[in-house]
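Here it is, the structure in full.
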Amino acid sequence: MSRLATTPLTICECCDAVYERRPLASGEIAHCRRCGAELYRNRRLDLDAMLAIAFGGLITFVIANVYPVLIMELGGTRAQVTLWDAILATYDAGVGLVAVLAALSLFMLPLTQILMFLYVLLPLRAGSVPAGFVPVMHAIRHTRPWSMVEVFLVGVLVSAVKLAAESELAPGVGLWGLAALTVLLTLLTTFDLQELWDLAADCEAGEDVACPP
């Protein structure tokens, strides 16, 4: 018996109620009977789309961290500000804890999340289950809420509006990369992780029909 072939269960993220997962019709949504929160919905699992989004996220992650987010010109002086410049400036301002949290939520967690998705998706696309599949899947679930790229993007835009009255500002390539990364990470987290569990169980059971070649 496969170590992944167990009764599928789903847990409400709002009230921790546990339900046995059942197949849904097209467009159907399962809701928690206790609090009414959405549990899961019927989405077609598309590994190729998930892989494309994950690779796109990795590319835009590099762009967002390498290229300047804002280009400022004040008093004839031109400066290019990257994400790491903002983090280091926050640290130098004496708020080291905020700088560390920003580094984690902007760099470490998004990168770790993207790499974990690629680690899981590439073998599943080839029809096999990667080593350490279970702990990696749990890690993906736990890191989802802590990737806050969109929060920092809003902060950058608010700061840019405030600085626009004092200096000439232009968006850098990194800002567009950050915006694209926000969209791609949002899309990646909309996929139902339970479907990856089900696919891995089918792969271990040797059901090639459910496992892409």
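The values are calculated or read from the model by the stated rules, or taken from the named source; none is laboratory data. Note that the structure is predicted; figures quoted are calculated from it, not measured. Positions of Cβ are backbone-derived with ideal geometry, glycine not excepted, and every protein chain shown enters the neighbour counts. When the accessible area is computed, the model is the full protein with side chains, heavy atoms only, and any ligands, DNA or RNA have been set aside. Shrake-Rupley method; radii C 1.70, N 1.55, O 1.52, S 1.80 Å.
Go through the stretch 75-134 and tell me which helices (runs of 4 or more DSSP H), entirely inside it, have 1 or more residues that are touching a residue at least 60 places away in the same chain (Cβ under 8 Å) and aromatic (Phe, Trp, Tyr). I'd like the intermediate steps shown before the answer.
Details: elements: 83-92, 96-103, 109-126.
In the stretch 75-134, 109-126 are the helices (runs of 4 or more DSSP H) which contain 1 or more residues that are touching a residue at least 60 places away in the same chain (Cβ under 8 Å) and aromatic (Phe, Trp, Tyr).
Scan the stretch 29-72 for residues that are of a type outside the set (Val, Ile, Thr) and under 15 Å from the mean Cα position of the chain (by Cα) and jot them down.
49, 50, 51, 52, 54, 55, 56, 57, 58, 61, 64
Here is a yes/no grid of residues against (1) open to solvent by less than 60 Å² (accessible area, probe 1.4 Å); (2) over 17 Å from residue 178 (Cβ atoms); (3) β-branched (Val, Ile, Thr); (4) at pLDDT below 75:
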{"residue": "85", "(1), (2), (3), (4)": "no, no, no, no"}
{"residue": "109", "(1), (2), (3), (4)": "yes, no, no, no"}
{"residue": "114", "(1), (2), (3), (4)": "yes, no, yes, no"}
{"residue": "123", "(1), (2), (3), (4)": "yes, yes, no, no"}
{"residue": "126", "(1), (2), (3), (4)": "no, yes, no, no"}
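Restricting attention to the stretch 96-107, which residues are farther than 18 Å from residue 182 by Cβ and either polar (S, T, N, Q) or open to solvent by 70 Å² or more (accessible area, probe 1.4 Å) (or both)?
Hits for the stretch 96-107 are 97, 98, 100.
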